[in-house]
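The values are calculated or read from the model by the stated rules, or taken from the named source; none is laboratory data. For clarity, every value in this text was computed on a predicted model and none was experimentally measured. Neighbour counts run over all protein chains shown; Cβ positions are idealised from the backbone, glycine included. For accessibility, only protein heavy atoms count, side chains too; no ligands or nucleic acids. Shrake-Rupley method; radii C 1.70, N 1.55, O 1.52, S 1.80 Å.
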Amino acid sequence: MTVRVLPALAPLLAQGLQVRVTLGLGGDLLAALAAGHLDLVVSSVRPRQDAVVATPLVDEEFLLVGPAALAHTVDPVRLAADPVAALSHLPLVAYAEELPIVRRYWRSEFGRRPPNVTSLVVPDLRAVLAAVIAGAGVSVLPRYLVASALESGQVVQLHQPEAPPLNTLYLAMGRVAPQGPALTAVRDRLTQAAAEWGSL
């Protein structure tokens, strides 16, 4: 939201459009959308409510990253043979207590949940990245968010998957809610911007 979606709306705001943003977990936001409390949701989970219509917006690519000091504690031979065991000593930094992003990566790549201790939970991916850079642990984050930290060496990629795990973001709206020109403009602008982003 902060790095891609909100900046994409700047041209509309410059034309006088007024936007109010609610941040939260995808399921909670979709429930609010279905109840008519929100007009549009960018969701990291696929909407399944009958009252909601959604279209895929863009795919996020996820990377397992950590500070170099922690990366040096991972045995590359053991990582290749038994990645869960090789990574199990590393503390996790997560977006939510249920570890939605980290858990999805572990299950996708390693076939099981992470056994690691969670050192920090903070509901802001930028804060997760800042904590990882500071040495609080490792995490799974979208490539677009960690790209500059990777380039500068503040974090390193701890695992190289054969195919990067992806998560589709959806643009969701109420099925029967009125769609005025402002909402249409926001929807169209985000769709246009997502086409320019390619995969994140």
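Rundown of residues vs (1) open to solvent by 20 Å² or more (accessible area, probe 1.4 Å); (2) within 18 Å of the chain's Cα centre (by Cα); (3) not basic (Lys, Arg), yes/no style:
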| site | (1), (2), (3) |
| --- | --- |
| 68 | yes, no, yes |
| 88 | yes, no, yes |
| 107 | yes, yes, no |
| 111 | yes, no, yes |
| 122 | yes, yes, yes |
| 126 | yes, yes, no |
| 134 | yes, no, yes |
| 137 | no, yes, yes |
| 148 | yes, yes, yes |
Problem - Candidates 77, 102, filtered to the one that is β-branched (Val, Ile, Thr), in a helix (DSSP H, G or I) and open to solvent by less than 40 Å² (accessible area, probe 1.4 Å) - result: 102
Completion exercise
The correct count of residues that are touching a strand residue (DSSP E or B) at 6+ places or on another chain (Cβ under 6 Å) and open to solvent by 50 Å² or more (accessible area, probe 1.4 Å) in segment 158-190 is 3
Practice task
Take residue 59 and decide whether it is surrounded by 14 or more Cβ atoms within 10 Å (Cβ to Cβ), in contact (Cβ under 8 Å) with a residue 12 or more places away in the chain, among the charged types (D, E, K, R) and farther than 30 Å from residue 115 by Cα.
Solution key: no
Practice task
Please enumerate the residues belonging to segment 10-47 that are under 19 Å from the mean Cα position of the chain (by Cα) and in a loop (DSSP other than H, G, I, E, B).
Solution key: 21, 22, 23, 24, 25, 44, 45, 46, 47
